[in-house]
Amino acid sequence: MRDDEAHLVVDYFHSRSPEDLATMGVDPVKIPEAAAWNARLREDFAQPVGERRWHFVVWEIDGNTVGHSNIGDLVRGQHGTMHLHLWRTEMRAQGHGTALVLASVARYFEVLDIDRIYCQPNAFNVAPNRVLFRAGFEYLETVETVPGFLNYRQPVTRWRVTRGMAENTPPTLGKKQ
Ligand SMILES: CC(C)(COP(=O)(O)OP(=O)(O)OC[C@H]1O[C@@H](n2cnc3c(N)ncnc32)[C@H](O)[C@@H]1OP(=O)(O)O)[C@@H](O)C(=O)NCCC(=O)NCCS
């Protein structure tokens with residue numbers, strides 16, 4: 001993602017319905033003020049990839065920007081935690097998620113010095129849990145926690161994929177038959 005696209009992430013969270021935020025377990029009062037958040041993201045984008053706090057990838061379908069994934073909580077040489085967001089609700093539940101997650105995972109392992117990626121969606125949020133399963137992540141556990149700085153305390157499902165697992169993902173995995 002380019003730094004002049006950071007505002008798309010900010011706009012996305014600021015334009016979500018209360019129901020959408022609840023499905024994701026996002027606490028509306030924790031969403032940072034738009035200008036300050038945009039500036040914080042752009043400041044991070046200006047750092048060398050290996051020193052950034054987060055790494056973002058844009059999701060495109062047929063040349064249109066439709067969402068993003070990002071990875072944070074990076075511990076270099078070890079792991080990070082990824083997030084997934086199709087911005088346009090009309091694009092959801094059409095089978096795009098798994099391919100977008102597989103491409104994001106491949107990109108993170110390509111550019112970041114990590115050997116495993118975690119993802120921990122709200123346990124009741126069906127779509128990301130299904131997508132992670134389809135993308136070859138392994139289920140670890142269901143725990144109650146505050147999974148991110150935008151979230152309140154909630155049950156989450158913890159999933160993990162390792163570099164080796166991702167490299168060995170059969171090309172047919174994730175594709176609906
Ligand atoms: C999570 C997300 C990226 C998944 O992408 P997607 O393209 O919608 O997912 P898919 O269409 O590939 O669906 C994957 C599976 O979830 C199911 N699913 C999708 N949306 C669903 C919904 N609203 N309710 C129930 N099941 C749903 C699909 O039927 C499919 O199931 P299957 O594997 O049994 O066939 C997308 O839904 C999204 O951005 N959601 C809002 C943001 C979010 O919740 N992010 C997670 C925060 S970590």
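Worth pointing out:
- Of the helices (runs of 4 or more DSSP H) lying entirely inside the stretch 81-171, the ones with 1 or more residues being under 21 Å from residue 13 (Cα atoms) are found at 97-111, 126-134.
- Yes/no for residue 33 being within 24 Å of residue 127 (Cα to Cα), of a type in the set (D, E, K, R) and more than 18 Å from the chain's Cα centre (by Cα): no
- Residue match in the stretch 44-51 (condition: within 16 Å of the ligand (Cβ to nearest atom), out of contact with any Cys (no Cβ under 6 Å at 6 or more places or on another chain), within 12 Å of residue 1 (Cβ to Cβ) and modelled with pLDDT of 95 or more): no
The values are calculated or read from the model by the stated rules, or taken from the named source; none is laboratory data. Fair warning: this is a prediction, and the values are worked out from it, not measured in the lab. For neighbour counting, all protein chains shown are included, and Cβ atoms are generated from backbone atoms with ideal geometry for every residue, glycine included.
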